[in-house]
Amino acid sequence: MADRLGCLLTSTEPPSDLVIRARQAHDDVAADPDTFRPAAEAIVAEARRARQPEALALALRALAWAERSRRDDRSAIRLLDQASRIARRHHLADTLADVLMTHAAVSQELGRIAAAHRDLRAAAALVSGTRTTELDFHRALLMQNTGRLAEAAEIYRRMLSDPGVSARRTVLGGNNLALIESQQGRYGQALRRLDQALRKAAEIGPAVVAVVATSRAWVTVQSGRFAEGLGLFEEAAKAHRAAALPLGEHYIEYADALMELRLLPEAISAAHQAVQEFSAGGIPLMAAEAQLRVAQLALLAGDASQAIAASIAAAAAFQEQRRGAWLSRAVLVTAEARLTSGAATLADLSAARTAAQRLETLGTTSAAVQGLLVTGRLAASFGRPRQAIAALTRASSLARGAPVLVRLRGRVSSALAARLRHCDHEALAQCRRGLSDLARHRGGLPSVELRALASGHGAELGAIGLDVVIRDGSPARVLKWMERSRTAALLAVEPPEFDHIRADLTALRAVQTDLRDQSTQATGPAILAHARTQQATAERAKIENRIRQATWRAASVPGASTVPVTVGELRDRLDGRALIEYGLLGNDLVAVLVDARGARISVLGPVASVREQLRLFLFALRRLTRPRPQADHAAARASADLRIHRLSELLLEPLKVPADVELVIVPVSDLQDVPWSALHGAPVCLAPSATFWARSVTAAQDRAHAETGTVVLVAGPDLPGAIAEVESLAAIHPSAALFTPPASTAEVVTGALANADLAHLACHGTLRADNPMFSSLLLSDGPLTLQELYARGLAPHRLILAACESGTHVSYAGNEVLGFVSALLARGTAGILASMAKVPDVDAVDLMTAVHDRLARGATLARALHGARESQDIGDPATYVNWCIFNAHGAA
């Protein structure tokens with residue numbers, strides 16, 4: 001190669017007009033490939049006709065970069081190989097150097113790292129003077145892609161200090177240096193650099209703007225400014241579309257952001273889109289990085305087998321590409337997934353330790369912290385405490401001063417190391433500090449959804465701390481610890497402005513109504529009906545995504561923070577009741593009981609036993625709601641009665657609460673569907689947390705002084721018993737505002753709910769397990785979503801939801817729940833009556849009438865429900881189901 005290069009000459013003749021235009025075409029294509037690709041194609045044709053080899057080689061290089069911008073790297077390589085042959089044949093040293101450097105950049109994307117090295121070595125023999133800056137940029141890019149971050153950063157800094165460097169290289173060098181600084185934890189410097197680069201990028205072209213905009217969004221998220229970062233990603237996506245660039249790299253960076261926010265389904269979708277785009281385009285370098293994201297997300301989603309398969313595939317690609325830093329990341333995902341699945345070996349421990357050390361040496365703080373944490377867990381699992389403590393302590397040290405999510409991993413590391421040293425006090429202190437950090441982070445997020453998901457980052461800290469305080473034996477400390485991390489997402493921050501999403505909520509109601517109409521009207525050919533349904537479903541998803549995006553990007557509006565309630569404060573408010581708060585200690589249920597006599601802790605045994613009884617109970621209820629022979633109903637009833645007895649034995653009897661004592665129950669996620677009112681002989685109310693319940697007591701007391709007596713009764717459409725139900729209730733509340741179809745529209749009902757002391761909604765309910773904020777109540781003009789109720793700030797003092805599954809929550813890691821009950825209690829409603837299963841609606845009229853009769857005489861919801869249940873003839877299967885499934889929530 002060296003001999004062949006030696007015969008190449010550097011031209012001393014002034015370039016022709018066509019050569020000048022060919023060189024300019026490359027710069028134009030790099031700035032705006034979609035606009036200037038035709039110009040590059042025209043110059044290629046003109047150079048061929050004119051038989052000007054230098055212009056042709058340079059024009060082919062420009063056209064190759066246009067192909068690369070389309071993610072057709074293989075076509076780009078073919079064009080560059082052609083340009084290289086022309087330059088060699090005609091001894092064009094400068095041109096060959098340019099072609100080789102471009103060839104190196106495209107070869108990297110194809111995963112041909114060795115070929116890129118050869119290209120740059122060959123180019124180095126041909127360039128001198130100021131043109132070495134271009135070579136330095138490509139060297140730095142290769143170092144960055146192979147994990148040699150410090151060396152790459154040094155070259156970029158040298159370039160940026162050179163006033164003679166082109167504007168395009170200044171911008172891209174600044175962009176790449178900012179990415180390195182971010183990986184090394186210097187986020188402020190990185191963002192300042194990117195802001196400067198973005199201003200200059202606008203003068204160069206839309207393709208450069210798109211690159212810098214995506215980097216700025218990614219670094220903003222990594223720095224902990226999540227809501228702002230999501231908005232910047234939307235801007236970056238628009239910049240990519242404006243430049244007609246593929247979105248593969250955007251998908252990768254966006255998947256990272258969504259992963260940090262624990263928006264896993266959306267992150268998984270983005271990662272798979274990136275894999276698909278890069279694989280289809282034949283770009284192994286980026287396809288491997290996208291595949292690693294797929295592995296990381298599978299691990300977070302609890303799919304260890306997919307995480308192992310995807311990380312091994314990514315590791316093989318990184319190995320072939322000789323990218324040691326990325327290989328280390330993939331090795332760590334494999335090791336962690338094997339640990340999770342119980343299949344880890346000592347070889348995984350050795351590989352994880354080596355990978356973590358490499359990442360630390362390279363200065364990639366976040367990845368190194370995670371690697372050391374994985375190493376520590378593996379060492380502990382193999383009974384090697386000294387090795388585990390060393391790795392965990394180092395992880396903790398590296399995490400100091402890092403963004404919040406990295407610091408949280410450091411807190412987990414510190415807490416685990418303290419446990420291995422049998423230092424409970426230190427472990428608890430680390431957990432407490434970590435949860436305080438998480439609370440500040442969560443409070444800065446603008447969306448209920450994001451805050452609920454964010455609590456998952458503290459799930460392990462909560463579990464470690466609970467283990468410590470239970471062994472300490474103090475009921476007060478156990479309750480206080482449980483309350484630190486229970487439904488905290490809804491306690492401290494107000495919802496965003498309703499006007500930001502008003503139009504989309506109205507559009508959503510229209511498309512949902514259209515979908516409902518299509519499902520009930522079988523008109524026209526089946527194929528056309530299916531197409532219409534698919535179109536409406538896609539439109540609904542698009543609107544919901546816009547609403548979610550708007551809430552994610554909204555400015556957070558801090559409300560008054562709520563300090564967890566204490567045992568003493570609870571005893572002052574209980575007024576003869578007993579409160580039971582359940583928790584999970586590993587796989588065992590624990591409970592703290594607070595009553596007039598004091599407080600005590602009980603360990604109740606495996607939660608699996610409760611899950612099994614609950615599964616059998618819900619199955620029996622479903623049998624009772626279906627038309628079946630009497631004998632089958634009798635068998636289902638006997639099974640349901642047995643399960644209620646068994647659940648009472650598991651959950652209440654060990655606590656020795658007298659049968660006539662009113663209960664306040666704070667369940668964990670595994671107990672959300674327990675028929676609590678059927679388990680106990682006295683009134684029962686539920687609450688997402690003891691703090692929520694105490695707040696509802698205060699709200700009830702405050703409202704008692706300002707109560708207006710306003711009652712709102714609403715019947716939804718297509719529910720046979722709804723109109724009869726609300727008309728029956730109107731006899732109890734003669735001055736009530738009564739709304740029945742077609743008058744019971746969303747605008748009318750929400751307006752009436754705004755100042756209601758008591759509201760009753762008898763309508764169809766739909767639970768959205770995928771996103772509870774889109775759970776809905778069907779009104780005459782379409783569904784009224786929880787998102788709309790919450791954003792409008794509606795909080796009737798007391799609310800009865802005679803709708804299917806209206807009392808069911810969706811549970812999130814970190815003891816968060818989200819549903820109608822928790823969201824409305826958070827908005828200020830003091831009492832809610834709702835069902836935890838499907839409601840046999842016609843048969844609910846008698847129960848609801850009995851409840852309202854007692855409410856009119858001054859009873860709380862819990863006491864009204866208890867008295868109403870006692871008045872029911874539960875020999876009828878449907879009446880029995882309603883007797884089981886309604887629960888009161890809150891103190892009013």
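The values are calculated or read from the model by the stated rules, or taken from the named source; none is laboratory data. These numbers come from a predicted model, not from an experiment. Cβ sites come from the backbone with ideal geometry, for glycine too, and all protein chains shown count toward neighbours. Accessible surface areas use protein heavy atoms only, side chains included; no ligands, DNA or RNA. Shrake-Rupley method; radii C 1.70, N 1.55, O 1.52, S 1.80 Å.
Overview of values
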read-out: SER223 hydroxyl-bearing (Ser, Thr, Tyr) and either at positive phi or surrounded by fewer than 22 Cβ atoms within 10 Å (Cβ to Cβ) (or both); value: yes
read-out: Residue pairs meeting the criteria (Cβ under 7 Å; at least 6 apart or on separate chains; first touching a residue at least 24 places away in the same chain (Cβ under 8 Å) and of a type outside the set (Asp, Glu), in segment 615-642; second open to solvent by 50 Å² or more (accessible area, probe 1.4 Å) and assigned to a helix (DSSP H, G or I)); value: LEU624/ARG637
read-out: Enumeration of residues in segment 707-723 that are at pLDDT 90 or above and either part of a strand (DSSP E or B) or farther than 20 Å from PRO742 by Cα (or both); value: THR710, VAL711, VAL712, LEU713, VAL714, ALA715
read-out: Answer from ALA892, ALA862 - the residue that is more than 29 Å from the chain's Cα centre (by Cα), at pLDDT 95 or above, surrounded by 24 or more Cβ atoms within 10 Å (Cβ to Cβ) and closer than 24 Å to GLY681 by Cβ; value: ALA862
read-out: Qualifying positions in segment 808-854 - open to solvent by less than 20 Å² (accessible area, probe 1.4 Å), without any contact (Cβ under 8 Å) to a residue 60 or more places away in the chain and part of a helix (DSSP H, G or I); value: PHE820, LEU824, LEU847, ALA850, VAL851
read-out: Any hit, segment 262-282, residues being surrounded by 18 or more Cβ atoms within 10 Å (Cβ to Cβ), at pLDDT 95 or above and in contact with a Lys or Arg (Cβ under 6 Å, 6 or more places away or on another chain); value: yes
read-out: Conditions (1) free of Cβ contacts under 8 Å to residues at least 40 places away in the same chain; (2) open to solvent by 20 Å² or more (accessible area, probe 1.4 Å); (3) under 17 Å from LEU135 (Cβ atoms); (4) among the hydrophobic types (A, V, I, L, M, F, W, C); number of the one not met by LEU79; value: (3)
read-out: Hits in segment 173-183 - residues which are open to solvent by less than 40 Å² (accessible area, probe 1.4 Å), out of contact with any Phe, Trp or Tyr (no Cβ under 7 Å at 6 or more places or on another chain) and not hydroxyl-bearing (Ser, Thr, Tyr); value: GLY174, ASN175, ALA178, LEU179, ILE180, GLU181
read-out: Segment 87-108, residues that are more than 19 Å from ARG169 (Cα to Cα) and either in contact with a strand residue (DSSP E or B) (Cβ under 6 Å, 6 or more places away or on another chain) or crowded, with 17+ Cβ neighbours inside 10 Å (or both); value: ALA87, ARG88, HIS90, HIS91, LEU92, ALA93, LEU96, SER107
read-out: SER84 vs. criteria open to solvent by less than 40 Å² (accessible area, probe 1.4 Å), modelled with pLDDT under 95 and part of a helix (DSSP H, G or I); value: no
read-out: Filter result (aliphatic (A, V, I, L, M) and surrounded by 19 or more Cβ atoms within 10 Å (Cβ to Cβ)) within segment 865-889; value: LEU865, ALA868, VAL881, ILE885, ALA888
read-out: Candidates GLU253, GLU249 - the one that is touching a helix residue (DSSP H, G or I) at 6+ places or on another chain (Cβ under 6 Å), crowded, with 20+ Cβ neighbours inside 10 Å, of a type in the set (Asp, Glu) and at pLDDT below 95; value: GLU253
read-out: Residue check, ALA316 farther than 22 Å from ALA257 by Cα and open to solvent by less than 10 Å² (accessible area, probe 1.4 Å); value: no
read-out: For ARG792: the one exception among (1) buried (at least 24 other Cβ atoms within 10 Å of the Cβ); (2) farther than 21 Å from ARG486 by Cα; (3) of a type in the set (D, E, K, R); value: (1)
read-out: Condition broken by PRO796, with the remaining ones in (1) in contact with a Leu (Cβ under 8 Å, 6 or more places away or on another chain); (2) part of a loop (DSSP other than H, G, I, E, B); (3) within 25 Å of LEU584 (Cβ to Cβ); (4) of a type outside the set (S, T, N, Q) satisfied; value: (3)
read-out: Tally of residues being buried (at least 21 other Cβ atoms within 10 Å of the Cβ) and of a type in the set (A, V, I, L, M) across segment 381-397; value: 4
read-out: Unmet requirement for ALA242, which otherwise passes all of (1) open to solvent by less than 30 Å² (accessible area, probe 1.4 Å); (2) modelled with pLDDT under 95; (3) aliphatic (A, V, I, L, M); value: (1)
read-out: Where ILE543 falls short, out of the listed (1) of a type in the set (A, V, I, L, M); (2) within 21 Å of the chain's Cα centre (by Cα); (3) at pLDDT 85 or above; (4) surrounded by fewer than 17 Cβ atoms within 10 Å (Cβ to Cβ); value: (4)
read-out: Close pairs from segment 118-139: first touching a residue at least 12 places away in the same chain (Cβ under 8 Å), partner of a type in the set (S, T, N, Q), Cβ under 7 Å, at least 6 apart; value: ASP119/SER107
read-out: Exclusive hit being among the polar types (S, T, N, Q), more than 27 Å from SER485 (Cβ to Cβ) and either open to solvent by less than 50 Å² (accessible area, probe 1.4 Å) or at pLDDT below 95 (or both), set SER639, SER696; value: SER639
read-out: Condition check for LEU729: part of a strand (DSSP E or B), within 16 Å of ASP853 (Cα to Cα) and open to solvent by less than 60 Å² (accessible area, probe 1.4 Å); value: no
read-out: Residue within segment 650-668 that is in a helix (DSSP H, G or I), open to solvent by 10 Å² or more (accessible area, probe 1.4 Å) and among the small types (Gly, Ala, Ser) present; value: no
read-out: Those residues of segment 550-570 which are within 12 Å of ARG451 (Cβ to Cβ), open to solvent by 40 Å² or more (accessible area, probe 1.4 Å) and at pLDDT 65 or above, in sequence order; value: none
read-out: Evaluation of ALA682 against (1) in contact with a Ser or Thr (Cβ under 7 Å, 6 or more places away or on another chain); (2) part of a loop (DSSP other than H, G, I, E, B); (3) not hydroxyl-bearing (Ser, Thr, Tyr) (one fails), failing number; value: (1)
read-out: Residue check, GLU228 touching a Phe, Trp or Tyr at 6+ places or on another chain (Cβ under 8 Å) and not hydroxyl-bearing (Ser, Thr, Tyr); value: no
read-out: Identity of the residue in segment 445-476, open to solvent by 40 Å² or more (accessible area, probe 1.4 Å) and farther than 18 Å from ALA415 by Cα, that ends up nearest to the chain's Cα centre (by Cα); value: ALA476
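Conditions (1) at pLDDT 95 or above; (2) of a type in the set (A, V, I, L, M); (3) touching an Asp or Glu at 6+ places or on another chain (Cβ under 9 Å), marked per residue:
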site	(1), (2), (3)
GLU134	no, no, yes
THR146	no, no, no
SER166	no, no, yes
ASN176	yes, no, no
SER182	no, no, no
ARG186	no, no, no
